[in-house]
């Protein structure tokens with residue numbers, strides 16, 4: 001795939017566009033929001049389909065229970081609030097009312113990770129992927145740009161079972177072509193290479209693209225793969241890549257513990273042990289600050305991916 005910037009937008013807008021498309025195409029899709037309609041870009045759905053939009057107020061746990069109940073009548077509920085409030089605040093309700101009974105609820109979580117920025121540690125969440133991937137039957141998706149988030153939003157409506165869809169607030173480059181198919185559980189190859197495999201997810205995919213371009217200038221051949229679905233993991237694509245490169249760097253806007261890198265490390269440990277380095281937050285809470293500054297301070301910048309590649313190559 002040729003990687004070029006096609007525009008600039010936030011991933012939450014991709015969710016809003018996908019939800020509006022679903023509203024037109026699928027009459028069973030309903031949307032619920034916990035008093036963050038504008039932040040989740042759900043206004044268009046609310047305006048076009050008012051009979052299928054439910055504002056529950058600042059009552060996230062209640063929203064999850066309502067959504068679970070709606071599935072019994074054949075509806076496909078999409079819940080919308082910040083990632084922290086979609087997981088930490090409502091974990092009991094998600095576990096008991098949605099995951100345990102395999103309800104067809106789509107938990108759509110915006111403002112994930114450090115890039116929530118100035119709202120600070122209480123609103124930033126860096127543990128959510130781990131929390132959600134541990135729930136049996138829960139699908140976990142973390143797209144990288146506007147186009148991929150829109151495609152993922154549309155795709156999960158056809159998936160039977162609970163889904164956690166994670167996206168963010170800041171504007172980031174759009175680089176996935178609009179017509180790229182989105183297949184749940186199937187990683188997306190962005191660039192083939194032979195020296196090192198970089199597996200990235202969410203906002204860190206673009207950082208990995210920039211790192212791969214810089215490494216190419218050093219004469220290194222990087223295989224770059226977008227892991228948009230963290231559960232179920234695309235084991236086949238990952239193992240095929242590492243069989244070629246023999247070393248791995250993972251990159252994500254999440255804690256090292258419980259994240260995508262941990263899942264990949266477990267896969268390698270049981271199938272093909274080899275050197276791996278992790279670009280992620282190392283056992284810290286976030287803080288208030290500009291998203292770009294926080295990404296650098298917490299080691300989530302393209303330069304950190306480059307450092308990790310150099311480190312893992314020495315262990316190869």
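The values are calculated or read from the model by the stated rules, or taken from the named source; none is laboratory data. Everything quoted here is computed from the prediction, not taken from an experiment. FYI the Cβ positions are ideal-geometry reconstructions off the backbone, even for glycines, and counts take in every protein chain you see.
Observations
- Odd one out for residue 143 among (1) touching a strand residue (DSSP E or B) at 6+ places or on another chain (Cβ under 7 Å); (2) within 20 Å of residue 279 (Cα to Cα): (1)
- Taken over the stretch 214-253, the criterion of being surrounded by 19 or more Cβ atoms within 10 Å (Cβ to Cβ) and more than 23 Å from the chain's Cα centre (by Cα) is satisfied by 215, 245, 247.
- The listed residue being touching a residue at least 60 places away in the same chain (Cβ under 8 Å), surrounded by fewer than 21 Cβ atoms within 10 Å (Cβ to Cβ) and in contact with a helix residue (DSSP H, G or I) (Cβ under 9 Å, 6 or more places away or on another chain), out of 211, 257: 257
- Residues satisfying the stated conditions in the stretch 73-89, i.e. surrounded by fewer than 24 Cβ atoms within 10 Å (Cβ to Cβ) and in contact with a helix residue (DSSP H, G or I) (Cβ under 7 Å, 6 or more places away or on another chain): 85, 89
- Taken as a whole, the condition of being in contact with a helix residue (DSSP H, G or I) (Cβ under 7 Å, 6 or more places away or on another chain), surrounded by fewer than 20 Cβ atoms within 10 Å (Cβ to Cβ) and touching a residue at least 40 places away in the same chain (Cβ under 8 Å) does not apply to residue 93.
- Of the strands (runs of 3 or more DSSP E) lying entirely inside the stretch 197-288, those carrying at least 1 residues that are under 16 Å from residue 127 (Cα atoms), touching a strand residue (DSSP E or B) at 6+ places or on another chain (Cβ under 7 Å) and modelled with pLDDT of 95 or more are 229-231, 248-255, 276-281.
- Number of residues in the stretch 52-76 that are in contact (Cβ under 8 Å) with a residue 24 or more places away in the chain and either under 19 Å from the mean Cα position of the chain (by Cα) or on the phi > 0 side of the Ramachandran plot (or both): the value is 1.
- Those residues of the stretch 296-313 which are out of contact with any strand residue (DSSP E or B) (no Cβ under 8 Å at 6 or more places or on another chain) and either outside any loop (DSSP other than H, G, I, E, B) or not assigned by TED's automatic domain parsing to the domain that holds residue 231 (or both), in sequence order: 296, 297, 302, 303, 306, 307, 310
- Set 99, 152: member being under 26 Å from residue 26 (Cα atoms) and either in the same structural domain as residue 225 (by TED's automatic domain parsing) or out of contact with any helix residue (DSSP H, G or I) (no Cβ under 8 Å at 6 or more places or on another chain) (or both): 99
- Failed criterion for residue 189 (all others in (1) part of a strand (DSSP E or B); (2) crowded, with 17+ Cβ neighbours inside 10 Å; (3) in contact with a strand residue (DSSP E or B) (Cβ under 7 Å, 6 or more places away or on another chain) hold): (2)
- Test result for residue 143, touching a helix residue (DSSP H, G or I) at 6+ places or on another chain (Cβ under 9 Å), more than 22 Å from residue 89 (Cβ to Cβ), at pLDDT 95 or above and crowded, with 24+ Cβ neighbours inside 10 Å: yes
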